[in-house]
There are 2 protein chains.
Amino acid sequence: MDFWFELASPYSYLSAARIDALAEERDVAVNWRPFLLGPIFAAQGWDTSPFRIYPAKGAYMWRDIERRFALRGLPFSVPDTETLTKFPLNTVAAARLSLIGLDEGWGKTFIRSVYHAEFAEHRDISDISMLAYLLDRAGTDPEQALERSTDAINRPRLRTNTLEASRLGVFGAPSFTVAGELFWGDDRLEDALDWAVNHE
Amino acid sequence: MDFWFELASPYSYLSAARIDALAEERDVAVNWRPFLLGPIFAAQGWDTSPFRIYPAKGAYMWRDIERRFALRGLPFSVPDTETLTKFPLNTVAAARLSLIGLDEGWGKTFIRSVYHAEFAEHRDISDISMLAYLLDRAGTDPEQALERSTDAINRPRLRTNTLEASRLGVFGAPSFTVAGELFWGDDRLEDALDWAVNHE
């Protein structure tokens, strides 16, 4: 099963926090695939997050997330008005680093710490020095990881993921693809894993 | 707890089919409130269903619904291309009848049969003769119900519901409001009921 996540997406964090335990219970192999929602939203005619375009839905979303994080025991701090104006954050650098980290074994720790910094502490995870700090905490050499993440081999990988997500019909995050099926949203994580079990 | 549903919404049907059993388990009183999504979507700048405006999301939705109905054991037939062009159906007459039926005790049977006719059989539930047939099946006198549904007392009630839904922040269906909280989507039905239990 492919797990499509966007580092700016709090609902993606909900899945990133629990997907390993649920997949292990069912003995399903999961491929973590960071991608960018920006180009996919742009293709739908949106120049920002739909939650900024539709205020009623946006206001609801933050409250829904607050309740969901509480139910799952994940720390969350509701963004204040000023922080909200910065969303969605630019996640290109963090996503490129995630790709390197997933190859090298420190990726999931790094990804979860990026989400935590962003949604529990309101850190600016588009800032390279913040990313360097999180890389160090994930147990890897920040300078080396940052250099590798932007080299000619790694740079196109994020675009490739985003194009493939789009080709598969992905329009939001998180999404899960398995055996020709698309599932959207943390609420469908169990359904997607069950589908993987029943349609190997 | 208030249960806000739109008769054109398949996800509302998912909740209408199971809300009574779940509410009874938790001893929560539920007030069924039909409303119209049309005016609420129009206020967001949409002149039709968002699933028609965003094709990738729309294509996904029908497959998601098909899978969900199957999981819940509810009959569903994927609309063909021609049927799809008729969505969303005009639900004003059916919703006005639902209000009468909910007063008189045949409302839930009628509502579920409207949904079944619409999504399992592709009947045109904006058609008065189809509604008359469903009223008869629900055990009430069609002529009398149709007359009462459009009288001066009943007519404004649907608009009142829609305005109140909007005031409460409702932007989609189904929605649930309880103790100052809004929950959106059949996926949040259990959360909403649990909230009612914990915040009486």
Of all residues in region B:36-55 being part of a helix (DSSP H, G or I) and farther than 20 Å from B:W4 by Cα, the one that is farthest from the other protein chains (Cβ to nearest Cβ): B:R52
Filtering region A:172-184 down to residues that are within 22 Å of B:D191 (Cα to Cα) and at the interface with chain B (Cβ under 8 Å from one of its Cβ atoms), which residue is nearest to the chain's Cα centre (by Cα)? A:W184
Just a yes or no: is a residue in region B:152-160 farther than 12 Å from B:A93 by Cα, within 14 Å of chain A (Cβ to nearest Cβ) and outside any strand (DSSP E or B)? no
Name the residues in region A:40-77 that are within 18 Å of the chain's Cα centre (by Cα), within 22 Å of B:V170 (Cα to Cα) and modelled with pLDDT of 85 or more, would you? A:M61, A:W62, A:D64, A:I65, A:E66, A:R68, A:F69
Only residues in region A:56-83 that are more than 11 Å from every other protein chain (Cβ to nearest Cβ) count as the first member; pair them with residues that are among the β-branched types (V, I, T) and surrounded by 18 or more Cβ atoms within 10 Å (Cβ to Cβ), Cβ under 9 angstrom, at least 6 apart or cross-chain, and list the lot. A:F76/A:I65; A:V78/A:I65
Quick check on A:D103: is it within 14 Å of chain B (Cβ to nearest Cβ), in a helix (DSSP H, G or I) and free of Cβ contacts under 8 Å to residues at least 12 places away in the same chain? no
B:E200 is checked against (1) within 14 Å of chain A (Cβ to nearest Cβ); (2) within 19 Å of B:I19 (Cα to Cα); (3) modelled with pLDDT under 95 and fails just one. What number does that condition carry? (1)
From A:L189, A:L193, which residue is outside any loop (DSSP other than H, G, I, E, B), closer than 25 Å to B:W184 by Cβ, away from chain B (no Cβ under 11 Å) and touching a Ser or Thr at 6+ places or on another chain (Cβ under 7 Å)? A:L189
Any residue that is within 18 Å of B:A8 (Cα to Cα), more than 15 Å from the chain's Cα centre (by Cα) and free of Cβ contacts under 8 Å to residues at least 40 places away in the same chain - is there at least one of those in region B:134-145? yes
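The values are calculated or read from the model by the stated rules, or taken from the named source; none is laboratory data. Worth saying up front: this structure is predicted, and the values here are computed from it rather than measured. Note: ideal-geometry Cβ built from the backbone for every residue, glycine included; neighbour counts use all protein chains shown.
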